[in-house]
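Read through the structure below, which is laid out as structure tokens, and then see the notes.
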Amino acid sequence: QVQLVESGGGLVPAGGSLRLSCAASGRTLSSYIVGWFRQAPGNEREFVAAITRSDSTYYADSVKGRFTISSDNAKNTVYLQMNSLKPDDTAVYYCAAQATYYSLTQANRYNYWGQGTRVTVSS
């Protein structure tokens with residue numbers, strides 16, 4: 001079983017950047033499909049980005065061209081680089097992992113979740 005811990009959230013002005021980290025323990029993260037999701041107050045949790053075991057990457061249309069997901073196998077960590085941030089990006093960001101591919105974008109297909117890290121983008 002893998003345990004996930006997110007970090008890197010904070011307060012940033014519009015147009016700024018943040019890099020979120022998802023550090024894994026217990027299992028090798030490269031054995032999983034890893035996704036980033038976010039949830040704003042009053043909204044459902046939504047897909048942001050995912051990286052597969054073969055390092056293919058997928059993005060929600062709302063973040064394509066601004067966010068980049070990557071992995072560092074030596075550190076057992078997945079990152080989400082977020083550039084050109086907008087107030088609409090304000091949310092709690094979660095990383096999640098699934099061992100068997102079902103869906104990249106459906107939150108209920110992921111088995112393991114971190115506790116989340118808050119990102120606030122000021123206008």
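Here are a few things to note about the model shown:
- Long-range neighbours under 6 Å by Cβ, at least six apart or interchain, first residue of a type outside the set (Gly, Ala, Ser) within region 65-87, second at pLDDT below 95: Asn73/Ser30; Asn76/Leu29; Pro87/Ser123
- Those strands (runs of 3 or more DSSP E) of region 1-110 in which 1 or more residues are open to solvent by 20 Å² or more (accessible area, probe 1.4 Å) and β-branched (Val, Ile, Thr) occupy 3-7, 57-59, 67-72, 91-98.
- Single residue of Tyr59, Tyr101 found to be more than 23 Å from Ser17 (Cα to Cα) and either more than 12 Å from the chain's Cα centre (by Cα) or without any contact (Cβ under 8 Å) to a residue 24 or more places away in the chain (or both): Tyr101
- All positions within region 104-123 that are closer than 14 Å to Val34 by Cβ and in contact (Cβ under 8 Å) with a residue 24 or more places away in the chain: Leu104, Thr105, Ala107, Tyr110, Tyr112, Trp113, Gly114
- Conditions (1) touching a residue at least 12 places away in the same chain (Cβ under 8 Å); (2) more than 17 Å from Pro87 (Cα to Cα); (3) within 15 Å of the chain's Cα centre (by Cα); number of the one not met by Ser31: (3)
The values are calculated or read from the model by the stated rules, or taken from the named source; none is laboratory data. This structure is a prediction, so every number in the text was calculated from the model and none was measured. All Cβ positions, glycine included, derive from the backbone under ideal geometry; neighbour counts span all protein chains shown. SASA here: full protein model, heavy atoms, side chains in, ligands and nucleic acids out. Shrake-Rupley method; radii C 1.70, N 1.55, O 1.52, S 1.80 Å.
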